[in-house]
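Engineer: Next up is a structure, given as structure tokens.
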Amino acid sequence: MKKLDTDVVVIGGGATGVGVLRDLVMRGFNAVLVERADIGQGTTGRYHGLLHSGGRYVVSDPISATECAQENEIIANIHSDAVEDTGGLFVVTPEDDPAFGDKFLQGAKDTGVWAEEIETSEALRQEPRLNPGILRAFKVQDKTVDGWAMLWGAIRSAKQYGGEVLTYHRVDRIEVVNGQVAAVVAHGTKSGEDIQIDCRFVINAGGPWSGQIAEMAGAHGVGVVPGRGIMIAMNHRLVNQVVNRCIPPSDGDIIVPVHTVSIIGTTDVKVDDPDHLEIPRNEVQQMLDAGEALIPGFREARAVHAWAGARPLIKDDRVDASDTRHMSRTMQIIDHSQRDGITGLLTIAGGKLTTYRLMAKNVVDMMCRQMDDWRPCRTAEAIMPETERGHNYKVTHRLGEREEDRFDTQIVCECELMNRKMFVELLESQPTATFDDLRRQLRLGMGPCQGGFCSMRAAGITQQIGRGDVVDVTELMRLFLKNRWIGLWPILYGRQVRQTALDDWIFQGLYDIEHLPAVDDSKIKSKAVR
């Protein structure tokens, strides 16, 4: 068994875990992050892309509203390449109560969230597709963020300070000796190698899996409740700023422009297992109906992909155990020395992607106090490597880049303007990556064709440069297409049926993909997307 020694092990490769790793190493601690799959493959990569202004929670969850308002500008500054400063609107549709707007404005004032009422004519001028019958409109400072770009920026920063990241390493146990955390034992699902990481402290940032992780140390009954929500991406920008319904948080009450698409979300249903998230057709229809209230004709746009994510909510005794919609979004830290008599273990859950840096700060602050080794946090000012302060992401950035290099290298994915050079460089730096791992960084196959054309090109390039034989590359392509299909079957209606049929004709008629040479499933099971 391989052995490592460090100060702190962070479990979980989502936004909170990566933020904790960066915070730790910037304070001078030695730290290792362990993630059972790829970075951002869980909740962080399965949300609607909103960088909250806090407006959504000014009435229902004022603490979360204030936290979001405080972190919004910090994240936009330190992650400028991942954040688009779209701005946002809260609108009262003809189906809504205009009086709620007064509660909204008062809540914004009370929580420190900037909001301003504007004329409905001005809102319609800014967003012409809005429901022309809107009764009131409020400007807020919502933004959008690419969660994967944000995470990889934080990882680059953490590595500069000596942080180590072990993806595709499944934690099997947390060893506790005489009430003190002593080590984490993990299994490399790609390497097949076990590893023991001796440490003084473990920070559990496993999101909706946090309860399962805490049990490995003997801390049972951790009240993390997975709340499933579905989202749907439409094939172009129906709006250019975030549009919210001015009502208490509800299903399908927000449309978010992210990159070249618009995302509508989301439902909120308690689930028992965050590894098995359904995308019910009735909830898809619910989203499409809700979209019509904000944007008449919403259903006429083509839905290109649907997905589900699980919120890591802390059980809230004020509401029913199944009522995840009304559970607080405020972050909470569980001190297992107080709760379970286990020293050197903290669990952090709740919160929002917007507040990931603050969550990391708070849990590392608590760790420092428990270790009697105070070191100040420095993450609010230090911008990520390869970014430029004050220059936020623009949706046209790749178009500009391709104008400069269009004669130099092949375009692999026309939808996302990803070229061969980008694909090959990332593949060579991450030779064991699946196409889905690369997708999360390059957006391969995330456009309207959903991999119908680019997946074959990616497979051909991979084999051509010698990163696998024909059988291995075929399995990578099959797995990629299988995972794309998961998000297509719930939205097969209208023009999306025609696109899917075209893709199927290509896969079956031209490539006969089902009859290409195959490998034993056990060879690729570690690559499957959860």
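The values are calculated or read from the model by the stated rules, or taken from the named source; none is laboratory data. Remember, it's a predicted structure, so these values are computed and weren't measured experimentally. Backbone-built Cβ (ideal geometry, glycine too); neighbour counts: all protein chains shown. Please note that ligands, DNA and RNA were not included when accessible areas were found on the heavy atoms of the full protein model with its side chains. Shrake-Rupley method; radii C 1.70, N 1.55, O 1.52, S 1.80 Å.
Engineer: Which residue is nearest to the chain's Cα centre (by Cα), if the candidates are limited to segment 79-114 and must be closer than 30 Å to His397 by Cβ and of a type in the set (Val, Ile, Thr)?
Structural biologist: Checked segment 79-114; the qualifying residue nearest to the chain's Cα centre (by Cα) is Val83.
Engineer: Further question: Give me the residue from segment 232-252 that is closer than 15 Å to Gly54 by Cα and assigned to a loop (DSSP other than H, G, I, E, B) and, out of that set, least open to solvent (accessible area, probe 1.4 Å).
Structural biologist: Out of the qualifying residues, it is Cys246.
Engineer: Right, something else. Across segment 159-173, which residue is surrounded by the fewest Cβ atoms within 10 Å (Cβ to Cβ) among those that are touching a Ser or Thr at 6+ places or on another chain (Cβ under 9 Å) and either without any contact (Cβ under 8 Å) to a residue 24 or more places away in the chain or part of a loop (DSSP other than H, G, I, E, B) (or both)?
Structural biologist: Tyr168
Engineer: Still on this model: Residue check: is Asp85 in contact with a strand residue (DSSP E or B) (Cβ under 7 Å, 6 or more places away or on another chain), among the acidic types (Asp, Glu), surrounded by fewer than 24 Cβ atoms within 10 Å (Cβ to Cβ) and touching a residue at least 40 places away in the same chain (Cβ under 8 Å)?
Structural biologist: It is true that Asp85 is in contact with a strand residue (DSSP E or B) (Cβ under 7 Å, 6 or more places away or on another chain), among the acidic types (Asp, Glu), surrounded by fewer than 24 Cβ atoms within 10 Å (Cβ to Cβ) and touching a residue at least 40 places away in the same chain (Cβ under 8 Å).
Engineer: Can you tell me which of (1) under 30 Å from Thr396 (Cα atoms); (2) part of a helix (DSSP H, G or I) is the one Gln508 doesn't meet?
Structural biologist: Gln508 satisfies all of (1) under 30 Å from Thr396 (Cα atoms); (2) part of a helix (DSSP H, G or I) except (1).
Engineer: Being touching a Lys or Arg at 6+ places or on another chain (Cβ under 8 Å) and either of a type in the set (S, T, N, Q) or open to solvent by less than 50 Å² (accessible area, probe 1.4 Å) (or both) is the filter here, so list the residues in segment 418-432 that pass it.
Structural biologist: If the condition is that a residue be touching a Lys or Arg at 6+ places or on another chain (Cβ under 8 Å) and either of a type in the set (S, T, N, Q) or open to solvent by less than 50 Å² (accessible area, probe 1.4 Å) (or both), then Met418, Asn419, Leu427, Thr432 are the ones that fit.
Engineer: Determine if segment 457-466 includes at least one residue that is on the phi < 0 side of the Ramachandran plot, β-branched (Val, Ile, Thr), open to solvent by 10 Å² or more (accessible area, probe 1.4 Å) and not in a loop (DSSP other than H, G, I, E, B). Break it down into steps so the answer makes sense when it comes.
Structural biologist: Residues of segment 457-466 on the phi < 0 side of the Ramachandran plot: 457-465.
Next, from what is left, pick out any that are β-branched (Val, Ile, Thr): 461-462, 465.
With open to solvent by 10 Å² or more (accessible area, probe 1.4 Å) added as a condition, the list becomes 465.
Now narrow it down to the ones that are not in a loop (DSSP other than H, G, I, E, B): none.
Checking segment 457-466: not a single residue is on the phi < 0 side of the Ramachandran plot, β-branched (Val, Ile, Thr), open to solvent by 10 Å² or more (accessible area, probe 1.4 Å) and not in a loop (DSSP other than H, G, I, E, B).
Engineer: Another question, if that's okay. Just to be sure, is Gly447 modelled with pLDDT under 90, in contact with a Cys (Cβ under 9 Å, 6 or more places away or on another chain) and under 20 Å from Glu414 (Cα atoms)?
Structural biologist: yes
Engineer: State whether the residues of segment 397-406 include one that is under 28 Å from Ile74 (Cβ atoms) and either open to solvent by 50 Å² or more (accessible area, probe 1.4 Å) or touching a strand residue (DSSP E or B) at 6+ places or on another chain (Cβ under 6 Å) (or both). Steps first, please.
Structural biologist: First, the residues of segment 397-406 that are under 28 Å from Ile74 (Cβ atoms): 397-398, 400-401.
Now narrow it down to the ones that are either open to solvent by 50 Å² or more (accessible area, probe 1.4 Å) or touching a strand residue (DSSP E or B) at 6+ places or on another chain (Cβ under 6 Å) (or both): 397, 401.
Yes, segment 397-406 contains at least one residue that is under 28 Å from Ile74 (Cβ atoms) and either open to solvent by 50 Å² or more (accessible area, probe 1.4 Å) or touching a strand residue (DSSP E or B) at 6+ places or on another chain (Cβ under 6 Å) (or both).
Engineer: Somewhere in segment 150-158, is a residue in a strand (DSSP E or B) and either under 24 Å from the mean Cα position of the chain (by Cα) or at pLDDT 95 or above (or both)?
Structural biologist: no
Engineer: Right, something else. With open to solvent by less than 30 Å² (accessible area, probe 1.4 Å) and in contact with a Lys or Arg (Cβ under 7 Å, 6 or more places away or on another chain) as the only criterion, which of Ala123, Ala186, Ala137, Ala205 stands out?
Structural biologist: Testing whether each residue is open to solvent by less than 30 Å² (accessible area, probe 1.4 Å) and in contact with a Lys or Arg (Cβ under 7 Å, 6 or more places away or on another chain) leaves just Ala186.
Engineer: Mind listing whichever residues of segment 335-380 are farther than 16 Å from Ala154 by Cβ, in contact (Cβ under 8 Å) with a residue 40 or more places away in the chain, open to solvent by less than 30 Å² (accessible area, probe 1.4 Å) and in a helix (DSSP H, G or I)?
Structural biologist: Across segment 335-380, the qualifying residues are His336, Met367, Cys368.
Engineer: Further, regarding this structure: Cβ-Cβ below 6 Å, separation at least six or inter-chain, first residue in segment 1-30 and under 17 Å from Asp172 (Cα atoms), second of a type in the set (S, T, N, Q) and modelled with pLDDT of 95 or more: which pairs?
Structural biologist: Matching pairs, first to second residue: Met1/Gln196; Lys3/Gln196; Ile11/Asn204.
Engineer: Which of (1) outside any loop (DSSP other than H, G, I, E, B); (2) at pLDDT below 75; (3) of a type outside the set (A, V, I, L, M, F, W, C); (4) under 30 Å from Arg302 (Cβ atoms) is the odd one out, the single condition Arg530 does not satisfy?
Structural biologist: Against the list (1) outside any loop (DSSP other than H, G, I, E, B); (2) at pLDDT below 75; (3) of a type outside the set (A, V, I, L, M, F, W, C); (4) under 30 Å from Arg302 (Cβ atoms), Arg530 comes up short only on (1).
Engineer: For segment 279-315, name all the residues that are open to solvent by 30 Å² or more (accessible area, probe 1.4 Å), modelled with pLDDT under 95 and touching a strand residue (DSSP E or B) at 6+ places or on another chain (Cβ under 8 Å).
Structural biologist: If the condition is that a residue be open to solvent by 30 Å² or more (accessible area, probe 1.4 Å), modelled with pLDDT under 95 and touching a strand residue (DSSP E or B) at 6+ places or on another chain (Cβ under 8 Å), then Arg302, Arg311, Lys315 are the ones that fit.
Yes/no matrix, rows are residues, columns are (1) over 30 Å from Gly107 (Cβ atoms); (2) among the hydrophobic types (A, V, I, L, M, F, W, C); (3) open to solvent by 10 Å² or more (accessible area, probe 1.4 Å):
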site: Val10; (1), (2), (3): yes, yes, no
site: Gly14; (1), (2), (3): no, no, yes
site: Val18; (1), (2), (3): yes, yes, no
site: Phe29; (1), (2), (3): yes, yes, no
site: Leu33; (1), (2), (3): yes, yes, no
site: His48; (1), (2), (3): no, no, yes
site: Val59; (1), (2), (3): no, yes, yes
site: Thr66; (1), (2), (3): no, no, yes
site: Asn72; (1), (2), (3): no, no, no
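Engineer: Any idea which residue in segment 256-275 is most open to solvent (accessible area, probe 1.4 Å), counting only those that are of a type in the set (S, T, N, Q) and touching a residue at least 60 places away in the same chain (Cβ under 8 Å)?
Structural biologist: Filtering first and then ranking leaves Thr260.
Engineer: Between a first residue in segment 500-511 that is of a type in the set (Ser, Thr, Tyr) and a second residue that is in a helix (DSSP H, G or I) and at pLDDT 90 or above, which pairs have beta carbons less than 8 Å apart while being 6 or more apart in sequence or on different chains?
Structural biologist: Once the first residue is of a type in the set (Ser, Thr, Tyr) and sits in segment 500-511, its partners that are in a helix (DSSP H, G or I) and at pLDDT 90 or above give Tyr511/Met456.
Engineer: Among (1) open to solvent by 50 Å² or more (accessible area, probe 1.4 Å); (2) touching a Cys at 6+ places or on another chain (Cβ under 7 Å), where does Glu388 come up short?
Structural biologist: Status for Glu388: all satisfied but (2).
Engineer: Look at Glu403 and say whether it is farther than 30 Å from Val181 by Cα, touching a residue at least 12 places away in the same chain (Cβ under 8 Å) and of a type in the set (D, E, K, R). Write out each step before concluding.
Structural biologist: Working: farther than 30 Å from Val181 by Cα: yes; touching a residue at least 12 places away in the same chain (Cβ under 8 Å): no; of a type in the set (D, E, K, R): yes.
When the stated conditions are applied, Glu403 does not pass them.
Engineer: Inspect all residues belonging to segment 240-252 and state whether any of them is out of contact with any helix residue (DSSP H, G or I) (no Cβ under 7 Å at 6 or more places or on another chain), among the charged types (D, E, K, R) and at pLDDT 95 or above.
Structural biologist: Among the residues of segment 240-252, not one is out of contact with any helix residue (DSSP H, G or I) (no Cβ under 7 Å at 6 or more places or on another chain), among the charged types (D, E, K, R) and at pLDDT 95 or above, which makes the answer no.
Engineer: For residues in segment 104-120 being outside any strand (DSSP E or B) and of a type in the set (Gly, Ala, Ser), which is most open to solvent (accessible area, probe 1.4 Å)? Lay out the reasoning, then the answer.
Structural biologist: Going through segment 104-120, the residues outside any strand (DSSP E or B) turn out to be 104-114, 119-120.
Applying the additional criterion that residues be of a type in the set (Gly, Ala, Ser) yields 107-108, 112.
On the way: Gly107: 7, Ala108: 4, Gly112: 60 Å².
Restricting to residues being outside any strand (DSSP E or B) and of a type in the set (Gly, Ala, Ser), the top hit is Gly112.
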